[in-house]
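Reading through the structure tokens given below for one structure.
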Amino acid sequence: MKLNERSVTHYALSDSPADHTGYLRTWGGPGTPPTPSGTGRRCWFVLKGNLLFSFESREGRAPLSLVVLEGCTVELAEAPAPEEFAFAICFDAPGVRPHLLAADGPAAQEAWVKALSRASFGYMRLVVRELESQLQDARQSLALHRHSSWKAISSRCKPQAPDCWSLGLENGHSLPRDCSPMGLVEEGSSRSAGRGLAEWELQGPASLLLGRKQSPVSPETSCFSTLHNWYGQEIVELRRGWQQRARGSKAGCEEQVRL
Amino acid sequence: MRYNEKELQALSRQPAELAAELGMRGPKKGSVVKRRLVKLVVNFLFYFRTDEAEPVGALLLERCRVAREEPSGFSISFIEDPERKYYFECCSEEQCQEWTEALRQASYEFMRRSLIFYRKEIQKMTGKDPLEQFGISEEARFQLSSLKA
């Protein structure tokens, strides 16, 4: 089966944060017997997302192996050598042998088993969905609260609104506290997408979201993917403009745009 | 790089986010469009010959760029070599839209960013860390510092 190995290697070596790293002893590899024996081989392991890579050493530039952590369970195991802190990655699939690994000590063993057990895409998706719904709840209860206090505060806040708005953005607070009802309806001042993007990267677009009347993303939308797509479209348009202006140059914005 | 093909084959049999027969053309110069059953499973895109049970190949979708290609297709390329593109042809604008949207959100890194975004927002709104109740607030994969500025 073909695999885009160059890209996979690039991802493994990239500076995107690893979820766990460390030295582990491993059995299995070219020329090793089907049943693990001996002390195994010490390699540097890197867990990124649902992918476990091994390297010859910490400085290694080419992964030795890849294990895709989907459809597997991680269990404590017996190592061929005594007193090893071993565990195994076991797959449901027929004909797939478990990967036997051993850590340097009990703390490392526990940390690895935990990290690997939670590495699947499904686990991450579960947590994301949970937070998505929690955010929706928080927004709804906030909207209700605002609605009830709207009449009381609105007249007081009106003249200050534009300052509150920009202040909100500067401070990175999504809710300018002293004029929160205005935040919902005040039309957003013109924003440069570059700034918007930077804010998004650092704080999340909620601050822009709550104030924008024209936004296709209403305050009820708590879905990151919708925001993502909306910004994506805007970015595509901007890039066209940039590229027209900076003809021929490799768009440095490519890095900005990419996720 | 060693990997167990059987692990990937097993993964390709998992329920897919999206699956369809599309035209596909590899990145090499002079490659032709072939009909392939294309299947999106977690952060992998598998492609099969239409009459075969095992995939011809797989693409890991981390750090990829999905772009529209006229008339109704899209391409996937990777950050380290943006000119090297895998081309896909859809049968309609709707199908193309469906695929590009799904593929852009298919990476683990995209999910991580979503999670960090939601976590931050909830913290801002409620003053509480939503992950604490699950006892996972210290996990490396959920850290706010994970976001590249």
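Before moving on, here are some points about what is shown:
- Residue under evaluation A:Glu56, criteria (1) touching a residue at least 60 places away in the same chain (Cβ under 8 Å); (2) open to solvent by 60 Å² or more (accessible area, probe 1.4 Å); (3) within 14 Å of chain B (Cβ to nearest Cβ), criterion not met: (1)
- Being of a type in the set (Phe, Trp, Tyr), surrounded by fewer than 21 Cβ atoms within 10 Å (Cβ to Cβ) and facing chain A (nearest Cβ under 8 Å) is a condition met by no residue of the range B:69-92.
- Filter result (at the interface with chain A (Cβ under 9 Å from one of its Cβ atoms), over 12 Å from B:Met24 (Cβ atoms) and surrounded by fewer than 18 Cβ atoms within 10 Å (Cβ to Cβ)) within the range B:45-62: B:Glu54
- Residue match in the range A:49-63 (condition: closer than 16 Å to A:Gln109 by Cβ and assigned to a strand (DSSP E or B)): yes
- Cross-chain or 6+ apart pairs with Cβ under 7 Å, the range A:14-25 first and at the interface with chain B (Cβ under 8 Å from one of its Cβ atoms) and more than 9 Å from B:Arg141 (Cβ to Cβ), then outside any strand (DSSP E or B) and of a type outside the set (Asp, Glu): A:Ser14/B:Arg63
- In the set B:Gln97, B:Gln133, B:Gln123, only one residue is in the same structural domain as B:Ala16 (by TED's automatic domain parsing) and out of contact with any strand residue (DSSP E or B) (no Cβ under 6 Å at 6 or more places or on another chain); that residue is B:Gln97.
Quick grid of which residues meet (1) closer than 19 Å to B:Phe117 by Cα; (2) among the hydroxyl-bearing types (Ser, Thr, Tyr); (3) facing another protein chain (nearest Cβ under 7 Å):
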| residue | (1), (2), (3) |
| --- | --- |
| A:Phe87 | no, no, no |
| A:Cys90 | no, no, no |
| A:Ala93 | no, no, yes |
| A:Val96 | no, no, yes |
| A:Leu101 | no, no, no |
| A:Ala119 | no, no, no |
| A:Gly122 | yes, no, no |
| A:Leu126 | yes, no, no |
| A:Arg129 | yes, no, no |
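- Any hit, the range A:6-25, residues being surrounded by 14 or more Cβ atoms within 10 Å (Cβ to Cβ) and in contact with a His (Cβ under 9 Å, 6 or more places away or on another chain): no
- Here A:Val46 fulfils each of the conditions (1) surrounded by 21 or more Cβ atoms within 10 Å (Cβ to Cβ); (2) in a strand (DSSP E or B) apart from (1).
- A:Lys2 meets the conditions (1) crowded, with 16+ Cβ neighbours inside 10 Å; (2) facing chain B (nearest Cβ under 8 Å); (3) over 19 Å from B:Ala140 (Cα atoms); (4) without any contact (Cβ under 8 Å) to a residue 40 or more places away in the chain in every case but one. The failed one is (1).
- Test for B:Arg35: is it surrounded by fewer than 21 Cβ atoms within 10 Å (Cβ to Cβ), at pLDDT 95 or above and under 13 Å from the mean Cα position of the chain (by Cα): no
- Of all residues in the range B:97-108, at least one satisfies being more than 9 Å from chain A (Cβ to nearest Cβ), of a type in the set (Asp, Glu) and surrounded by fewer than 17 Cβ atoms within 10 Å (Cβ to Cβ).
The values are calculated or read from the model by the stated rules, or taken from the named source; none is laboratory data. Source: prediction; values computed, not measured. Glycine gets a Cβ as well: all are built from the backbone with ideal geometry, and neighbour counts include every protein chain shown. The area values use the complete protein model at the heavy-atom level, side chains included, leaving out ligands, DNA and RNA. Shrake-Rupley method; radii C 1.70, N 1.55, O 1.52, S 1.80 Å.
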